[in-house]
Structure formats: C-alpha cells, structure tokens
Amino acid sequence: MIVLAIETATEVGSLCIYDSQRGLLAELTLGPVVRHSQALMTGIDFLLKQTGIDIKEIDFYAVSVGPGSFTGLRVGLSTAKGLAFGTGRPIVEVPTLEAMALTRVPERRFICPMLDARKKEVYGAVFRWDGRGLERLLSETVGPVEDILKAIPGECVLLGSGAQVYRERIINYLGDRADFVPSEQNCPLARSVAALGLSLAEHSERRKDPEVVVPLYIRPSEAELKKKNTTKEAR
C-alpha cells in the first residue's frame, strides 16, 4: 500500500509518501507555512512529482490528528479531507503523541512524548514498548507537566517541545530516570505518522470516510472557551 502522510500538529510540519513494500519514498519538512493549506498542496504536488506517483495511486491518507496546534490540525485535516473526497480514498487517524513515541523506541524503558500546550501545561502520554508495539500507560491528556510525570514508573525517554520547555522541572521530578532526545529530534515526523498509519490501516474500521474524521484537541479552543463564558454571562 502507498500512503500519503500529513503531520501539522506543530509549527514544523512535514509530509511524506511511504510504500509498505519499499519504505519511505520522499519526505518534505514544511516549517511555519504548515498553517496554510495552499502550502500543503504545493508540498504534496512536489512529492508526487518527485516520486512519479499519481494521486490516484495513493491507497489512503494518514493524518496526525492531535493533540497539537489547533490551526495546524485544522489545516492538515481539511487538506486530507479534500484529497480523500476527490480520490475516493479513506483517511486513517493517527494520534500525534503515539506517532512521536514510535520515533524513539527504547529497550526496557518508557517513552513520554510531550508538546507544549501553553498556559503552563503540556499535552502528554506515556508508552512502553513491549517488543511488538506500544503499550499505552497514560492516554493523551493535558495538564501541568508533573501530572504526566507521575505516570512514569521507571527510566524514560522524553521528547517533544514540552520536554524542552519544562526540562528543569522534569529533571527535578525524575532525576537520573530522565533521558532527553537531541533538540533536532523533538518534532513529530510524517514518516512516523505513515508507519503507524499503515499498522492501523490493517484494521478496516480504522480506514474512515473523510466526513467522520475529527481532530483530537483534548481541550477546548480559545473560541470555544470564549463562547462558553459568554453564554454563562448571558444567563
């Protein structure tokens, strides 16, 4: 199967085309333009030309659905939905933090991907590699970094913008149990989204029609909070 993967959960987005038989065919890092759908389409066109693959040859779209940047997730999903509707192909929803965890699979240790959620909070989850796949010990959540760290039972690899921002607090909490990845490896990658998407796509129920695919925001957006507060005040 050939998959087009879209990762737009952070400011450093990426795209890739991945073949289940041949592996990674092409990948493109986007940078801040990830917030613009036209830039995504330009990047996708570039990858298709680079690989010589026709859009009709794509079997499904693997999309990083969050948590992460609300704007980035909306742009990524809307782009994927447009392509899926146009080609009649399904979308596979890929949890962003789980895809991040796959980039750093340690032996006999735990993995904690974190993204800075602002407001002194992080999006985080905790996983363990069991030799066959990732076991989720703490599902995706948002809160103070210590709320995530207390779910880690041993030595742990930490990665993501949240681990960078709160590095000192993490060290104070975990001590020598904390192991950080190099700064250049802290962003989720489209290739990991593709790899996890291919694994998930083995189950037919994970290959979804585009109209039912939704982002995993975890917490309300600023607009939703403002609307909720306005409604309360009106009462």
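The table for this structure:
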read-out	value
Pairwise centroid distance, computed over Cα atoms, of the stretch 188-220 with the stretch 112-153, Å	19
Sites matching GluC sites (Glu not before Pro) across the stretch 1-80 that sit in DSSP coil, with at most 12 neighbouring C-beta atoms within 10 Å	none
Gain upon complete extension [Asp147, Gln164; 0.36 nm per residue less C-alpha separation]	4.5 nm
The stretch 104-185: mean projected area of Cα convex hull, nm²	4.9
Kyte-Doolittle at least 0.5, axis length at least 24 Å by Cα - qualifying DSSP helices, the chain	70-87
Mean ellipticity per residue at 222 nm, deg cm²/dmol - from DSSP H runs of n ≥ 4 across the chain, formula -39500 (n - 2.57)	-10500 deg cm²/dmol
Lys/Arg +1, Asp/Glu -1 at C-beta; the chain dipole; positive extreme among Val122, Ile2, Leu196	Val122
Amide H within-cut-off set for Leu24, under 5 Å, with H built and near neighbours excluded	Asp19
For the chain, radius of gyration divided by Kirkwood radius, i.e. Rg to Rh on alpha-carbons	0.99
The stretch 64-120 - Debye-derived log10 I(q)/I(0), Cα point model, q = 0.13, 0.16, 0.18 Å⁻¹	-0.46, -0.63, -0.74
Calculated from backbone phi, Karplus (6.51, -1.76, 1.60) coupling profile of the stretch 130-138 in Hz, x at Gly/Pro	9, x, 10, x, 8, 9, 7, 8, 9
Full-stretch length increase - Glu155, His203 - with 0.36 nm per residue and alpha-carbon distance subtracted	14.1 nm
Entries of Lys120/Lys150; Lys81/Lys120; Lys81/Lys119 with Cα pairs more than 21 Å apart	Lys81/Lys120; Lys81/Lys119
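Every number here is computed from the coordinates shown, using simple stated rules; none is lab data. In this text, all values refer to a predicted model and were calculated from it rather than measured experimentally. Using ideal geometry, Cβ is built from the backbone for each residue, glycine included, and neighbour counts are taken over all protein chains shown.
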